[in-house]
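Structure, as structure tokens:
The values are calculated or read from the model by the stated rules, or taken from the named source; none is laboratory data. Bear in mind the structure is a predicted one, so any value in this text is a computation, not a measurement. So basically every Cβ, Gly included, is an ideal-geometry build from the backbone, and we count neighbours across all protein chains shown. When the accessible area is computed, the model is the full protein with side chains, heavy atoms only, and any ligands, DNA or RNA have been set aside. Shrake-Rupley method; radii C 1.70, N 1.55, O 1.52, S 1.80 Å.
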Amino acid sequence: MRNHWTEIEKYLEDQKIAQELIGELRDFHMRYEVEDQVKERVEKPNILFYGKKILEMSMAALLQGDNLLLSGAKATGKNVLCETLAWIFGRPEYDISFHVNTDSADLIGTDTFINNEVRLRKGPIYQCAELGGFGILDEINMAKNDAVSVLHATLDHRRRIDIPGYNRILLHPATRFIGTMNYGYAGTRELNEALVSRFMVIDMPEMDEDSVLFVLRQHFPEGKKSALKAFAGLFLDLQIKAYHGEISTKSLDLRGLVSAVKATRSGLSPIEAIQMGIINKSFDVFEKEIVEDVVSTRIPSSWTGKDIWG
């Protein structure tokens with residue numbers, strides 16, 4: 001616990017988080033122990049979130065017992081923030097991906113036969129509520145409103161789950177839920193007003209150079225600064241193009257950019273790696289040409305792995 005907290009505290013101090021918030025978080029850790037059966041769900045993410053303002057807003061809401069809804073465009077770090085928050089709060093993480101066919105049984109649980117008896121097979125929301133987890137409600141606006149309405153009593157001041165035929169479940173005091181949502185994706189819809197009222201909402205800002213470089217340095221601490229800056233510049237150029245509607249967000253893919261840089265470790269040329277990780281994400285011929293032009297201004301075709309790794 002001590003080593004775990006020391007690492008968390010260093011991260012928060014590096015982000016210049018207010019000492020008052022760090023103190024409250026320390027008290028939270030001391031107040032709520034993690035059950036042995038779910039300790040493997042508490043782990044440091046590969047990528048940590050960068051951004052003092054958003055972190056402080058998120059921490060303050062969660063420390064006061066509220067749930068969060070993160071809205072924003074693609075590649076604004078919503079999932080990275082979710083994983084970072086679960087880690088710094090030291091809680092088991094439960095990832096629940098919503099889709100158009102999600103129903104209450106997927107969330108709460110459903111009846112099943114065990115030893116010739118009908119028993120409840122607990123869903124992720126039930127487990128999260130029971131064990132004090134952080135439930136990540138990913139793409140919550142993909143689900144139908146009648147499916148997520150089952151969560152109303154779970155998300156508001158009642159903090160409970162009523163399952164017909166079974167006992168009422170009261171939420172563990174450390175349980176929190178963090179929803180994420182993108183607008184404009186196929187299959188998304190407006191969230192029910194009653195559901196939104198149960199969250200504190202953060203509108204995630206677009207990434208800037210510092211935040212993109214922070215991500216790249218976490219992945220590639222041995223990479224040349226000039227090369228990482230070029231890759232960060234490429235991402236930001238594409239972000240501007242997408243913002244102005246010149247291209248779609250298909251090529252605005254930070255995961256793809258990280259994967260492309262990784263591929264150069266195995267001898268692939270940077271331009272070929274970017275072709276797979278970024279350019280080929282666009283299937284429209286004209287859009288692909290625009291993306292290729294942007295890439296050519298940042299990543300020279302003559303580059304080899306030595307230009308990245310030295």
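At-a-glance table
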| quantity | calculated |
| --- | --- |
| Qualifying residue in segment 126-137 (condition: modelled with pLDDT under 85 and farther than 19 Å from Met200 by Cα) | no |
| Flag if Gly65 is within 17 Å of Ala174 (Cβ to Cβ), small (Gly, Ala, Ser) and surrounded by fewer than 14 Cβ atoms within 10 Å (Cβ to Cβ) | yes |
| Those helices (runs of 4 or more DSSP H) lying entirely in segment 200-310 with at least 2 residues within 24 Å of the chain's Cα centre (by Cα) and charged (D, E, K, R) | 209-219, 225-243, 254-263 |
| Any pair with Cβ under 8 angstrom, 6 or more apart, that starts in segment 118-145 at a residue that is in the same structural domain as Cys82 (by the TED database) and within 23 Å of Tyr183 (Cα to Cα) and ends at one that is among the acidic types (Asp, Glu) and assigned to a strand (DSSP E or B) | Ile136/Glu93; Ile136/Asp95; Asp138/Asp95 |
| Hits in segment 269-310 - residues which are among the polar types (S, T, N, Q) and open to solvent by less than 70 Å² (accessible area, probe 1.4 Å) | Ser269, Gln275, Asn280, Ser282, Thr304 |
| Residue match in segment 147-164 (condition: open to solvent by 40 Å² or more (accessible area, probe 1.4 Å), assigned to a strand (DSSP E or B), assigned by the TED database to the domain that holds Met30 and among the aliphatic types (A, V, I, L, M)) | no |
| Index of the failed condition, Gly135 passing every other in (1) touching a strand residue (DSSP E or B) at 6+ places or on another chain (Cβ under 7 Å); (2) more than 21 Å from Ala86 (Cα to Cα) | (2) |
